[in-house]
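The values are calculated or read from the model by the stated rules, or taken from the named source; none is laboratory data. Computed from a predicted model, the values in this text were never measured in an experiment. Cβ: placed from backbone, ideal geometry, glycine included. Neighbour counts: every protein chain shown. Only protein heavy atoms, including side chains, enter the accessible area calculation; ligands, DNA and RNA are left aside. Shrake-Rupley method; radii C 1.70, N 1.55, O 1.52, S 1.80 Å.
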Amino acid sequence: MENVVIIGSGCAGWTAALYTARANLKPLLLTGEQPGGLLTTTSIVENYPGFPEGIDGTDLMMRMQKQAERFGTQTRYGVTVTKVDFSRPPFQLWLDEEIIKTRSVIIATGASHRRLGIENEELLGRKGVTYCATCDGALPMFRNKELVVVGGGDSACEEATYLTHFASKVYLVHRRDQLRASKIMAERALSNSKIQPVWDSVVTDVYDVSKDMVTGVQLKNLKTGAASDLSCAGVFVAIGHEPSTGLFRGQIDMDDQGYIVCRKGTSTNVLGVFAAGDCVDRVYRQAITAAGTGCAAAIDAERYLASQRG
Ligand code: NAP
């Protein structure tokens with residue numbers, strides 16, 4: 001029987017592990033399929049306090065892991081929870097056939113990339129459609145080619161700027177005529193001579209499934225309704241994220257977009273189950289806020305366990 005199982009290995013998960021480990025609870029952390037979470041798909045993190053020069057996202061996550069493990073966190077790598085039963089304690093988590101029983105749970109499953117929702121987007125996945133410039137941007141298929149980045153937030157600006165190191169030109173396709181990104185990121189992107197914004201437009205199709213590679217996109221101008229084609233060798237989708245909470249549907253209260261609803265700190269509707277990070281946060285979604293709520297969830301879990309011991 002575990003004291004506390006942490007599901008997820010992003011900033012929230014590792015911070016919860018650090019704090020519960022230092023409370024001598026010997027937490028078990030299940031990393032999920034993408035150890036380190038979304039931060040491992042970004043390049044330099046410039047807004048995490050304490051790193052004035054910035055820090056590589058994967059490096060930051062590895063440091064958090066090392067710190068959590070130093071105090072006794074038990075880690076299971078690459079394992080994914082397939083089913084949960086939170087109907088009564090001890091709670092049960094399934095890793096396929098294996099069942100883990102625990103007195104408390106911290107859900108820190110984060111979020112995953114939002115998709116355009118176009119059929120060819122799926123068919124051309126890994127053949128030119130991607131959700132991570134830092135993972136895929138340097139691939140030979142994108143070098144010295146014209147590329148499309150979709151989105152108007154920090155991610156889109158960051159990805160577009162990063163891709164200019166490899167691409168001959170980057171089109172930044174955004175559905176409005178104003179970027180959502182922070183001023184510094186927006187200015188960095190718009191002042192780059194290799195980046196050309198395409199305003200008020202959405203991608204309505206990706207070509208060419210018959211060639212098994214991306215050759216271009218179909219765009220629709222939302223103001224005029226006009227359709228047009230744009231040649232490109234890659235489509236980098238950076239239109240935000242969706243909480244990874246499907247596993248808990250029916251057991252944990254969520255809002256209409258699948259974000260977990262917490263009441264009183266990090267407590268969910270199930271006593272003994274806590275949630276932290278991007279699976280809860282639809283507003284801030286920053287590495288530092290995820291780490292902060294991971295800390296809060298650990299303290300809440302520790303107090304809950306102490307109250308159960310009487
Ligand atoms: P975001 O801020 O939610 O931006 C998503 C963008 O995609 C918006 O411009 C949105 O358009 C557009 N969009 C959403 N759905 C769309 C659809 N179906 N079709 C076309 N466009 C669509 O997401 P994000 O850029 O991933 O950023 C998430 C959080 O991480 C933010 O808090 C951001 O500050 C942070 N972040 C920080 C850094 C950094 O500081 N290094 C880097 C990346 C991300 P609208 O603008 O019209 O809504």
What angle do you read, to the nearest 10 degrees and between 0 and 90, between the alpha-carbon axis of helix 287-309 and the longest principal axis of the chain?
20 degrees
Out of residues 5 or more away from Val129 or on other chains, whose amide H comes under 5 Å of its own, with H placed 1.01 Å from N in the peptide plane?
Val235
Reach of Lys223 by Cα under 27 Å, taken over lysines that are not fewer than 8 positions away in the same chain
Lys169, Lys183, Lys194
Extreme residue, positive dipole direction of the chain, given options Leu172, Leu95, Ser112 (C-beta unit charges)
Leu95
Aspartates and glutamates within cross-link reach of Lys211: Cα-Cα under 19 Å, excluding same-chain residues under 8 positions apart?
Glu119, Glu121, Glu122, Glu146, Asp229
About the Cα centre, charge dipole magnitude for segment 17-82 (Lys/Arg +1, Asp/Glu -1 at Cβ), debye:
440 debye
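How large is the helix-only mean residue ellipticity at 222 nm for the chain, computed as the sum of -39500 (n - 2.57) over DSSP H runs with n ≥ 4, divided by its residue count, in deg cm²/dmol to the nearest 500?
-7500 deg cm²/dmol
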Around Thr75, which amide H atoms from residues at least 5 apart in sequence, or from another chain, sit under 5 Å from its own amide H, with H modelled in the peptide plane?
Leu29
What are the semi-axes of the equivalent ellipsoid for segment 1-94, taken as the square roots of 5 times the Cα gyration tensor eigenvalues, largest first, in whole Å?
26, 15, 10
Which whole-Hz couplings ³J(HN,Hα) result when phi for each residue of segment 204-220 is put into the Karplus expression 6.51 cos²θ - 1.76 cosθ + 1.60, θ = phi - 60°, listed in order with x for Gly and Pro?
9, 7, 10, 9, 9, 4, 5, 9, 6, 7, 7, 10, x, 10, 9, 10, 10
Whole percent per 20 Å bin, from 0 to the bin with the longest distance: what is P(r) over all C-alpha pairs of the chain?
32, 51, 17, 0
Please give, to one decimal in nm, the separation of the simple spin-label points placed at Lys101 and Ile299, each 7 Å out from Cα toward the Cβ.
3.2 nm
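In whole percent, what relative contact order does segment 115-237 give with Cα contacts below 8 Å and a gap of six or more residues?
Computed over segment 115-237, the figure is 31 percent.
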Name the most mobile residue of Gln65, Gln257, Gln92, meaning the one with the largest mean-square fluctuation, in a Gaussian network model of the chain with Cα contacts below 10 Å.
Gln257
Modelled label-to-label distance, Ser87 and Ser168, 7 Å Cα→beta-carbon offset: nm?
6.2 nm
Surface accessible to a 1.4 Å probe, per residue, for the residues of segment 115-237, Å²:
51 Å²
Inter-label distance, nm, simple model (7 Å from Cα along the C-beta direction), Met62/Trp94:
3.6 nm
Lysines with Cα under 20 Å of Lys26, excluding same-chain neighbours fewer than 8 positions away:
Lys66, Lys101
Provide the gained length on full extension for the span Ile184 to Asp229, in nm with one decimal, where the gain is 0.36 nm per separating residue minus the Cα-Cα distance.
13.1 nm
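At 0.36 nm per residue, and after removing the present C-alpha to C-alpha distance, how many nm does the segment from Lys127 to Asp208 gain when stretched out fully?
Length difference between fully extended and current span is 28.2 nm.
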Mean projected area (nm²) of the alpha-carbon convex hull when segment 115-237 is viewed from all directions:
6.7 nm²
